[in-house]
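J.: Handing you a structure now.
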Amino acid sequence: MSLITGETRPVDAEFSQLMRRYSPEMSVEILDLIAQLSRALSLQHSCLDLSGQPRSLVEELANLSVVGDGQQPTPLVLKDDQLYLHRYYQYESSVAKALAARNNALTPPDHLKDQLVKYFGPSAGTINWQQIAALQSMTQQLIIVTGGPGTGKTSTVAKILTMLRENDKELVIKLAAPTGKAAMRLAESIQQFLVQLPQDTRDVIPTKVQTLHRLLGMRSNGRSFRYHHDNPILADFLIVDEVSMVDLTMMHRLLDALPDHTRLLLIGDPDQLPSVEAGNVLADLCRDRPGFSSKFSALARQLLDVDLPVSKKQHSLNDAICHFETSYRFSRDRGIGQLADNIQSGELKLASSDDDEVRVLTLESLNAGNLRGEITSYYLEYETLLQDSTTDASALLSNFESIRILCPFRDGELGVEALNKVIEDHLESRGLKPLDQRFYHGRPVIIMRNDYNLELFNGDVGVCLDDPEDNQMKTAFIDATGNVKLYLASRLPPHETCFAMTIHKSQGSEFDHVTLILPDPTSLATRQLLTRELIYTAITRARLSITIYVNETTWAGALQRSAKRMSGLSSMLEISETTDE
């Protein structure tokens, strides 16, 4: 079934006509395929799947002068029934080759068995996947750790960092994440683990986490980077968190900028929303579940006395991937954990849970007469703090970051912009926001574009504050070390009010309570946006409880749509030969 829905646009037709100028002999059917490719790229697919097309049409396409096999610079590339724009074919093939080349076994360090027991406990013959990930991190050059929220990914990273430092104090270790918010959360997780360690050990564990753009040295023009193949990043071990948010282009840039010897640990949840730009790299890497070789399984048996499942299928990522399944945050017997499991298993029914973790209301609860009262009720405690002149920046930020209203859309009656306006109108009516004033005490803002001079990054959330000392409006942010930093509100990079924010912008964040508003779709575009991955991402932002406003048909429809994207990356990583194991 095709993943391309909706009619092609004028720009798609123009693109196919442009290709026809170079290959005038192409048929109307070929023109349509090329227009579909353009449409697919606009929907963040990296290619167009032609496996369902007549073979004669595919062969006709392959013979055009504008189509090649990727070895020569032609505008289009046809490879294994996938039609690409040349650039995206090069990105996918380079990512596949770079990952395969980096997936090498390393000599285990001395005393590895003692380290694994020290930080993860004795295995007692039972597989501890966090311990297996640590084993991989000490014996493999490429490691990909996946799992849902609360499965212990970042706490495992902290233990791996400690083991690395114990083995080599001179190792150059760098940490990165796609957004400033995700970088801060990884840094916080590492800091929380370090308090358990002796001071001399704490001092040598890296805690600075950069955005990928900063790691690669994005220049002020926003289009070029300091680090690349000819000027690689200085790193012996690189850890990248929230990889589900990394698009195909960024993954290509990252791998191209890594020295051949660098060890790479990628971490993320492949079930979350894919990247905003083209590709779904992490999901593609995990699609075939490559498994473990007999050699790595023997090592695990020798060091941990556990039997790992051995894959008979050779794959470029054998021994690289480790998946965590046990959630230590969500119990499968309680509301949020049970709901997350239901979403993954395809269960379409939705109801409030008996333990009050999940509360379900219809959209009618937010009709015109109830809307303001309903959504402002979630910020009553925050509103009370705003009225107390003794409330400091840290208390305001902490309270605000404990709750959030999430919505899939920016526009519409129940979109993010309308919801923020309703809340601000309420604050005006209570005298907490001056009329027609953009900045006011307590206004929460989310940064929309990185500013490396101010060290504020896309996704960072702060709160505006009156500063009576100099009579200027400041904005407070919490940095990765937990300290409050103040900035003049007038100097902030592009930003928006964020009492309500899009689900996409919430990725990488967690809140004690989430209010999720899912309006009925009013167009094909809004319907396509409502997917299982979007719902799963929103649900798993909540630590303690979630309130969901949705109608049954909208909920069921969203869970039956997937954000799956067309790609050839997973097939490029396959190895056709099968072993005799």
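J.: How would you rank 30-40, 483-493, 334-344, highest first, on the average number of other Cβ atoms within 10 Å across their residues? Numbers along the way, then the final one.
T.: Details: 30-40: 21.3, 483-493: 15.1, 334-344: 19.7.
Highest to lowest by the protection proxy: 30-40, 334-344, 483-493.
J.: If I model a spin label at ASP230 and SER27 as a point 7 Å from the Cα along the Cα→Cβ vector, what separation in nanometres do I get?
T.: Modelled inter-label distance: 4.5 nm.
J.: Measure off, as a whole percent, the carbon and sulfur share of the 1.4 Å-probe accessible area of the chain, all protein chains present. Don't jump to the answer; show the numbers that get you there.
T.: Working: 12350 of 26080 Å².
Exposed carbon and sulfur together represent 47 percent of the surface.
J.: What whole-number distance in Å separates the alpha-carbon centres of the stretch 417-475 and the stretch 360-397?
T.: Using only Cα atoms to place each centre, the spacing works out to 15 Å.
J.: Below 8 Å between Cα atoms, with a sequence gap of 6+, how large is the relative contact order for the stretch 6-99 in percent?
T.: Relative contact order comes out at 22 percent.
J.: Can you give the net charge of the other residues whose Cβ lies under 15 Å from the Cβ of GLY70, counting K and R as +1 and D and E as -1?
T.: Summing Lys/Arg as +1 and Asp/Glu as -1 gives -1.
J.: Along the stretch 443-458, what does the Karplus equation 6.51 cos²θ - 1.76 cosθ + 1.60 (θ = phi - 60°) give for ³J(HN,Hα), rounded to whole Hz, x for Gly and Pro?
T.: 3J(HN,Hα) across the stretch 443-458, in whole Hz: 5, x, 10, 10, 6, 9, 8, 4, 10, 6, 5, 7, 6, 10, 10, 3.
J.: Let me ask something additional. Report the extension gain between GLN560 and ASN453 in nm, rounded to one decimal, defined as 0.36 nm multiplied by the number of residues separating them, less their alpha carbon distance. Numbers along the way, then the final one.
T.: Values: separation 107, 0.36 × 107 = 38.52 nm, distance 4.40 nm.
Result: 34.1 nm gained on full extension.
J.: Could you state the accessible area per residue of the stretch 273-383 in Å², with a 1.4 Å probe and every protein chain left in place? Each step should come with its number before you reach the end.
T.: Values: 5670 Å² over 111 residues.
Value for the stretch 273-383: 51 Å² per residue.
J.: At what distance in nm do the modelled label points of THR126 and ARG287 sit from each other, each positioned 7 Å from its Cα along Cα→Cβ?
T.: Distance between the two pseudo-spin positions: 3.5 nm.
J.: Give the cross-link partners of LYS474 among the lysines, using a straight C-alpha distance below 21 Å as the criterion and excluding same-chain residues fewer than 8 apart.
T.: LYS181, LYS433, LYS485
J.: Return the sequence-ordered ³J(HN,Hα) values of the stretch 73-88 in whole Hz as given by the Karplus equation 6.51 cos²θ - 1.76 cosθ + 1.60 applied to θ = phi - 60°, using x for Gly and Pro.
T.: Ordered by residue, 3J(HN,Hα) equals x, 10, x, 10, 10, 10, 9, 6, 6, 10, 9, 10, 6, 3, 4, 6 Hz.
J.: Go ahead and collect, in residue order, the members of the stretch 458-486 whose backbone nitrogen is under 11 Å from a label point 7 Å along the Cα-Cβ direction of GLN191.
T.: Answer for the stretch 458-486: 478-485.
J.: At what distance in angstrom do the alpha carbon centres of the stretch 512-551 and the stretch 249-267 lie from each other?
T.: Using only Cα atoms to place each centre, the spacing works out to 33 Å.
J.: Accessible area per residue for the stretch 402-519 in Å², computed with a 1.4 Å probe and the full protein assembly in place, what is it?
T.: Roughly 42 Å² per residue, with all protein chains present.
J.: Before anything else, pin down the relative contact order of the chain: Cα pairs under 8 Å, at least 6 apart, normalised by residue count, whole percent.
T.: 15 percent
J.: While we're on this one: Which of the peptides 119-127, 425-433 is most tightly packed, and how do the rest follow, going by the mean number of other Cβ atoms within 10 Å of each residue? Don't skip to the answer; put the middle values down first.
T.: Details: 119-127: 13.0, 425-433: 14.9.
Put in order of decreasing packing, that is 425-433, 119-127.
J.: Sticking with this one: Check ILE575: other-chain or 5+ apart residues with amide H under 5 Å from its amide H, H built from backbone geometry?
T.: Answer set, sorted by chain and number: SER316.
J.: Shape of the stretch 1-69 from its Cα gyration tensor (a ≥ b ≥ c, root eigenvalues): rounded if a/c is under 1.5, otherwise prolate when a/b > b/c, or oblate?
T.: Note, shape of the stretch 1-69 comes out oblate.
J.: Then there is this: Label points 7 Å out from Cα along the Cβ direction at GLU170 and ASP81: separation in nm?
T.: Placing both labels 7 Å beyond Cα along the Cβ direction yields 5.4 nm.
J.: Quick one: net charge of GLU417's neighbours, Cβ under 9 Å, K/R +1, D/E -1?
T.: Overall, the nearby charge balance is 0.
J.: Follow-up. On a full-extension model of 0.36 nm per residue, what is the gain between HIS261 and GLU496, subtracting their alpha-carbon distance, rounded to one decimal in nm?
T.: Numbers: separation 235, 0.36 × 235 = 84.60 nm, distance 4.19 nm.
My answer for the length gained is 80.4 nm.
J.: Let me ask something else about it. Please turn the phi angles of the stretch 537-549 into ³J(HN,Hα) values with the Karplus equation 6.51 cos²θ - 1.76 cosθ + 1.60 (θ = phi - 60°), one per residue in order, whole Hz, x for glycine and proline.
T.: The phi angles translate into 4, 5, 4, 7, 7, 8, 8, 10, 7, 8, 10, 10, 9 Hz.
J.: ARG430 to ARG527: FRET efficiency via 1/(1 + (r/R0)^6), r the Cβ-Cβ distance, R0 35 Å, to the nearest 0.05?
T.: Once the sixth-power term is evaluated, E becomes 0.40.
J.: Taking a spot 7 Å from the Cα of GLN387 along the direction of its beta carbon, which residues of the stretch 408-438 have an amide N less than 19 Å from it?
T.: What the label zone holds, given the 19 Å backbone N cut-off, is 423-435.
J.: Would you mind calculating the gained length between LEU57 and ALA395 on full extension (0.36 nm times residue separation, minus the Cα-Cα distance), in nm to one decimal?
T.: 115.2 nm
J.: Can you give me the accessible area per residue for the stretch 37-170, using a 1.4 Å probe, in Å²?
T.: 40 Å²
J.: List the lysines whose Cα lies under 29 Å from the Cα of LYS313, skipping any in the same chain that are fewer than 8 positions away.
T.: Filter leaves LYS79, LYS97, LYS113, LYS153, LYS295, LYS564.
J.: Amide H to amide H under 5 Å from GLY70: which residues, 5+ apart in sequence or cross-chain, H placed 1.01 Å off N in plane?
T.: Amide H to amide H, under 5 Å and 5 or more residues apart or across chains, GLY70 pairs with LEU78.
J.: So, counting K/R as plus one and D/E as minus one, what does the shell of residues with Cβ under 11 Å around ILE447 add up to?
T.: -1
J.: Charges at C-beta only: +1 for Lys and Arg, -1 for Asp and Glu. How large is the resulting dipole of the chain about its Cα centre, in Debye rounded to 20?
T.: So the dipole magnitude of the chain works out to roughly 760 debye.
J.: Amide H to amide H, which residues 5 or more places from ASN551 or on other chains are under 5 Å from it, using H placed in the peptide plane?
T.: When sequence neighbours closer than 5 places are left aside, the close amide H contacts are LEU363.
The values are calculated or read from the model by the stated rules, or taken from the named source; none is laboratory data. All of these numbers come straight from a predicted model, not from anything done at the bench. Because the Cβ atoms are built from the backbone with ideal geometry, glycine has one as well, and the counts that use them run over all protein chains shown. For the accessible areas, the whole protein counts, side chains as well, though only heavy atoms, and no ligand, DNA or RNA atoms are used. Shrake-Rupley method; radii C 1.70, N 1.55, O 1.52, S 1.80 Å.
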